[in-house]
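Asks: Could you have a look at this structure, given as structure tokens, before my questions?
The values are calculated or read from the model by the stated rules, or taken from the named source; none is laboratory data. Model, not experiment: these values are computed from the prediction. Ideal geometry is used to build each Cβ from the backbone, glycine not excepted, and the neighbour counts take in all protein chains shown. Side chains included, ligands, DNA and RNA excluded: accessible areas come from the protein's heavy atoms. Shrake-Rupley method; radii C 1.70, N 1.55, O 1.52, S 1.80 Å.
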Amino acid sequence: METNLSNESYSYEPSRIAPGNLIQLSDRLVNVRLRLSRPEIVLVDGFMTDSECNELIGIAQHKLSPSTVVDLQSGGKILHEGRTSEGTYFHRNENTLIQQLELRISELLNFPIENGEGIQILRYKIGEEYRPHFDFFPEQEPGSATYLSQGGQRISTLILYLNEVEDGGETIFPDIHLSVIPRKGSALYFSYLNSLNQTDPLTLHGGAPVKSGEKWIATKWMRKNEYK
Ligand code: PD2
Ligand code: ZN
């Protein structure tokens, strides 16, 4: 399969996320604030409590290391000037908070926990950014093979905003001219793989440089198949 280059060839399918302004999950009622259908983007408020956000930052902050990107030739992980944050991962089920979040995410997305990668935490300091990129793996590149062999292609991303950013740090979608301003406890979902294995080129996105304060997020990527 090739990554499609024109939006015309991506076929949009019904959202996995329930309709309505309020979505009742087993432990929380969350508020939908924005829905876009092409590309599919959903913004939800009240996904995490302030204390959950603080706790997640607290357990991540002592184990950060410089973020990497995938080298498309070798499949290795390399440092890159386009991604200057620091980050860390938690395995699925690693602790009680992670377990609760995994369950909540799987209920919001109506998708199995088993298809999720471990939650990634990122911290951006002033000037740090993640330049526009796709979260799916380009299938024609040799370096993608290792990643695709475990769980298949990524289908969607959920970004959880863990703090308020004084200035900058928006999640940007340059091709559709959209900026999402981080809000503590909110969740931003976007999906980019359909049942025909097409990937949506309109989901090019990035993390704009932080201008003042710090930015903390958690990212959950879902795969097409079970991820071990
Ligand atoms: O920090 C962000 O807003 C951001 C932007 C783009 C995070 C990611 N991508 C990611 O974790 O993939
Ligand atoms: Zn991304």
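Asks: Using a/c under 1.5 as the rounded threshold, could you call segment 95-136 rounded, prolate or oblate? The axes a ≥ b ≥ c are square roots of the C-alpha gyration tensor eigenvalues, and prolate needs a/b larger than b/c, oblate otherwise.
Replies: Oblate, because a/c is 1.5 or more while a/b does not exceed b/c.
Asks: Cα atoms only: what Rg and Dmax, in Å, come out for segment 120-228?
Replies: Cα only, segment 120-228: 14.6, 42 Å (Rg, Dmax).
Asks: Please list the non-local residues whose amide H lies under 5 Å from the amide H of residue 155, H modeled 1.01 Å from N, same-chain partners needing a gap of 5 or more.
Replies: Placed amide hydrogens put 222, 223, 224 under 5 Å from residue 155.
Asks: How far is it, in nm, from the label point at residue 211 to the one at residue 49 when both lie 7 Å from their Cα along the line to the Cβ?
Replies: Distance between the two pseudo-spin positions: 3.4 nm.
Asks: Where Lys and Arg each count +1 and Asp and Glu each count -1, what net charge lies around residue 205 among other residues with Cβ under 14 Å from its Cβ?
Replies: -3
Asks: At q = 0.08, 0.09, 0.10 Å⁻¹, work out log10 I(q)/I(0) for the chain with the Debye formula, treating every Cα as an identical point scatterer and leaving solvent out; two decimals please.
Replies: Listed by q, the Debye log ratios stand at -0.26, -0.34, -0.42.
Asks: OK, next. How large a share of the accessible area of the chain, in percent, is made up of carbon and sulfur atoms when the probe is 1.4 Å and the other protein chains stay in place?
Replies: 50
Asks: Among the lysines, which have Cα under 26 Å from the Cα of residue 184 when same-chain residues fewer than 8 positions away are ignored?
Replies: 63, 125, 211, 215, 220
Asks: What whole-number value in cubic angstrom gives the convex hull volume per residue for the C-alpha atoms of segment 46-92?
Replies: 126
Asks: What whole-number value in Å² describes the accessible area per residue of segment 3-157 for a 1.4 Å probe?
Replies: Values: 7780 Å² over 155 residues.
Roughly 50 Å² per residue, with all protein chains present.
Asks: Take the alpha carbon atoms of segment 148-190, find their radius of gyration, then divide it by 2.2 N^0.38 Å using N residues; give the quotient.
Replies: Details: Rg = 13.1 Å, N = 43, 2.2 N^0.38 = 9.2 Å.
After normalising by residue count via 2.2 N^0.38 Å, the value is 1.43.
Asks: Could I ask something else about it? Quick one: dipole size for segment 1-84, taken about the Cα centre, charges +1 on Lys/Arg Cβ and -1 on Asp/Glu Cβ, in debye to the nearest 20.
Replies: With Lys and Arg at +1 and Asp and Glu at -1, about 60 debye.
Asks: Right, something else. Given 0.36 nm per residue, what is the gain on full extension from residue 29 to residue 13 after removing their alpha carbon distance, in nm?
Replies: Taking residue 29 through residue 13 to full extension adds about 3.2 nm, to one decimal.
Asks: Still on this structure, please answer the following. Let me know the charge dipole size of segment 58-205 about its Cα centre in debye, to the nearest 20, where only the beta-carbon of Lys, Arg (+1) and Asp, Glu (-1) is charged.
Replies: 300
Asks: Let me ask something else about it. Give me, ordered by chain and number, the residues 5 or more places off residue 210 or on other chains with an amide H under 5 Å from its own placed amide H.
Replies: Residues meeting the criterion, in which the H sits 1.01 Å from N, are 127, 128, 169.
Asks: Normalised by the residues of the chain, what does the relative contact order come to in percent, with Cα pairs under 8 Å and at least six apart?
Replies: About 27 percent, as a whole number.
Asks: Each residue of segment 50-65 in order: what ³J(HN,Hα) in whole Hz does its phi give by Karplus 6.51 cos²θ - 1.76 cosθ + 1.60, θ = phi - 60°, with x for Gly and Pro?
Replies: 4, 5, 5, 4, 5, 5, 5, 4, x, 7, 9, 5, 8, 10, 7, 9
Asks: Show me the ranking of peptides 159-172, 31-44 by mean Cβ neighbours inside 10 Å, starting with the highest.
Replies: Ranked by mean Cβ neighbours within 10 Å, highest first: 159-172, 31-44.
Asks: OK, next. If r is the Cβ-Cβ distance from residue 167 to residue 73 and R0 is 25 Å, what FRET efficiency results, to the nearest 0.05?
Replies: The computed FRET efficiency comes out at 0.10.
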